[in-house]
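What follows is one structure encoded as structure tokens, with my remarks underneath.
The values are calculated or read from the model by the stated rules, or taken from the named source; none is laboratory data. These numbers were taken from a predicted model, which means no experiment stands behind them. Backbone-built Cβ (ideal geometry, glycine too); neighbour counts: all protein chains shown. Ligands, DNA and RNA are stripped out before the accessible areas are found, and what is left, the full protein with its side chains, is counted by its heavy atoms. Shrake-Rupley method; radii C 1.70, N 1.55, O 1.52, S 1.80 Å.
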Amino acid sequence: MKSEGAPRGRPRSVERRQAVLDAAAELALGSETLPTMDAIATRAGVSRTTLYKWWPSSAAVLLEGLLDRFHASIEFDDDLPVRTALTAQVEALVHLLRDTPAGRLLRQLMSASITDAATATALLDQWMEPRRHAAIGHLERGIATGEVRAGTDPALVVDALFAPAYHRLIWGHAPLDDDLAEHVCALVWPAITT
């Protein structure tokens, strides 16, 4: 009987977690403001205690949900040439920001991060760092194989590659065009290639 009891409890936790992520997304996409922890808990049918046991803030809930849904926009095959992998990653980000509700939600989270340290931390830890880590991995692979010049600062290159997409998302001064990724990579690549 004990072996049957453990599996039944575990799926309920997984189901509750997914209910919370879904509730947070529904609330965020249906409003111009970010949902509170109380609103997420009520919508998901869980207690605030449960919510705070799993996440420190509503931003952390939202960003985990976004990362779960759009994880494919981060990971690309390590067999791809470095420039191809980086271009594909920037293209995926442009598509995500322009063609999905994630773009509007990320703008809200970026705005909230200015005055809310928990949102800023969640944005960095759960959205930016996984993307940066994947891109830095490609650059380090390129340095190891000689495709990328030794001494290249991978973190700085990643900033240069991704900043135009976020800059255009925030300011709206120029479109997130289909060819933005290729243009940005064409500018950056000559500075780092061997």
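A few remarks follow.
- Filter pass, GLU4 being outside any loop (DSSP other than H, G, I, E, B), out of contact with any strand residue (DSSP E or B) (no Cβ under 7 Å at 6 or more places or on another chain) and modelled with pLDDT under 75: yes
- Residue satisfying condition, being among the basic types (Lys, Arg), under 26 Å from SER58 (Cβ atoms) and either open to solvent by 40 Å² or more (accessible area, probe 1.4 Å) or not in a helix (DSSP H, G or I) (or both), within set ARG132, ARG141: ARG132
- Residue that is among the polar types (S, T, N, Q) and free of Cβ contacts under 8 Å to residues at least 60 places away in the same chain, where the choices are THR152, THR193, THR87: THR152
- No other residue among ASP153, ASP179, ASP125, ASP159 is more than 13 Å from LEU97 (Cβ to Cβ), at pLDDT below 95 and of a type in the set (Asp, Glu) apart from ASP125.
- PRO81 being within 19 Å of LEU29 (Cα to Cα) and in contact (Cβ under 8 Å) with a residue 12 or more places away in the chain: no
- Filtered residues of segment 32-50 (kept if assigned to a helix (DSSP H, G or I) and either among the acidic types (Asp, Glu) or at pLDDT 90 or above (or both)): MET37, ASP38, ALA39, ILE40, ALA41, THR42, ARG43, ALA44, ARG48, THR49
- Residue satisfying all of: in segment 86-118; in contact with a Ser or Thr (Cβ under 8 Å, 6 or more places away or on another chain) and open to solvent by less than 10 Å² (accessible area, probe 1.4 Å); modelled with the lowest pLDDT among these: LEU109
- Total residues in segment 162-181, condition part of a helix (DSSP H, G or I) and over 15 Å from the mean Cα position of the chain (by Cα): 7
- Among the conditions (1) aliphatic (A, V, I, L, M); (2) in contact with a Ser or Thr (Cβ under 9 Å, 6 or more places away or on another chain); (3) within 21 Å of LEU93 (Cα to Cα); (4) buried (at least 16 other Cβ atoms within 10 Å of the Cβ), the only one that ILE170 does not satisfy is (4).
- Which numbered condition ALA144 fails, given (1) over 21 Å from ALA24 (Cα atoms); (2) touching a helix residue (DSSP H, G or I) at 6+ places or on another chain (Cβ under 9 Å); (3) free of Cβ contacts under 8 Å to residues at least 60 places away in the same chain: (2)
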